[in-house]
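Below is one structure; the comments refer to it alone.
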Amino acid sequence: MSVISYEFSRLGLCDLDDLVALEKICFPHAWTEQQFWLCLKQKAYYIFGLKKGGELTAYMSFYHMADEMEVLKLAVHPAHRRKGLGKHLLGLVLQNCIKMGIEQAYLEVRRSNTAAYALYTGFGFIQTGVRKEYYPDNKEDALILFLNLNGIRDRQIVESLSG
Ligand SMILES: CC(C)(COP(=O)(O)OP(=O)(O)OC[C@H]1O[C@@H](n2cnc3c(N)ncnc32)[C@H](O)[C@@H]1OP(=O)(O)O)[C@@H](O)C(=O)NCCC(=O)NCCS
């Protein structure tokens, strides 16, 4: 099934229950309903999603400040992985960020998360640092990744990769 058939939209408070449910499926240390609620209420936080027949299958959240954004979460329902949805959603969100005037994108990813690392570096994110033993649950390192959205080259990458 083509990724284009999924509906892309900014999520709001009406999506809170679906977000919490999908988050629980995707992350062992899931954000709470309260955390999502606060995120959805504040202007600087954005959550975009992909839906099929009204069902939320993927979402991506980020924090926007000045000309920077920090990716908070990107998740695809396990039953829908490896079909290009993560790539599609990330590309669409980065296109939106460029339209919003955002020039720099940052994120942290667990060293063991090879799937997410491959997805991000496939878009041109480069590793700029390491936060040693950053995650309290298992003292795993966080890799800091950065993408410059300000160049034409990066815009072309985003447009070509998002399908
Ligand atoms: C990371 C995640 C969002 C990827 O979503 P996805 O829809 O399966 O990814 P896609 O099908 O779009 O794959 C895009 C690229 O990511 C990489 N990738 C995705 N899954 C991978 C895996 N299991 N192993 C290695 N690389 C993988 C590949 O480079 C892939 O490109 P390719 O298909 O050309 O090889 C998904 O695995 C997920 O939700 N994981 C749990 C939540 C999480 O860890 N989020 C990231 C931190 S917030």
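The values are calculated or read from the model by the stated rules, or taken from the named source; none is laboratory data. Everything quoted here is computed from the prediction, not taken from an experiment. Virtual Cβ from ideal backbone geometry, glycine too; neighbours counted across all protein chains shown. The protein model used for the area step is the full one, side chains on, heavy atoms only, and it has no ligands, DNA or RNA in it. Shrake-Rupley method; radii C 1.70, N 1.55, O 1.52, S 1.80 Å.
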Gly124, sole failed condition from (1) within 15 Å of the ligand (Cβ to nearest atom); (2) more than 22 Å from Ala66 (Cβ to Cβ): (2)
Search result, residues across the range 1-21 that are assigned to a helix (DSSP H, G or I) and over 14 Å from Leu72 (Cβ atoms): Val3, Ile4, Ser5, Leu13, Cys14, Asp15, Leu16, Asp17, Asp18, Val20, Ala21
Scan the range 23-30 and tell me whether some residue there is within 14 Å of the ligand (Cβ to nearest atom) and under 25 Å from Lys99 (Cα atoms). no
If I ask for residues that are assigned to a loop (DSSP other than H, G, I, E, B), near the ligand (Cβ under 6 Å from one of its atoms) and open to solvent by less than 60 Å² (accessible area, probe 1.4 Å), which ones from the range 73-84 would you list? Gly84
For Ile25, state whether it is at pLDDT 95 or above and part of a strand (DSSP E or B). no
Scan of the range 85-119 for residues that are within 9 Å of the ligand (Cβ to nearest atom) and either among the hydrophobic types (A, V, I, L, M, F, W, C) or open to solvent by less than 20 Å² (accessible area, probe 1.4 Å) (or both), ordered by number: Leu85, Gly86, His88, Leu89, Leu90, Leu107, Val109, Ala115, Ala116, Ala118, Leu119
Flagged pairs (Cβ under 8 angstrom, 6 or more apart or on separate chains; first in the range 20-34, farther than 19 Å from Glu55 by Cα; second open to solvent by less than 50 Å² (accessible area, probe 1.4 Å) and modelled with pLDDT of 95 or more) are Ala30/Val20; Ala30/Glu23; Trp31/Val20; Trp31/Glu23; Trp31/Lys73; Thr32/Val20
Any residue at all in the range 39-57 that's assigned to a helix (DSSP H, G or I) and open to solvent by 70 Å² or more (accessible area, probe 1.4 Å)? yes
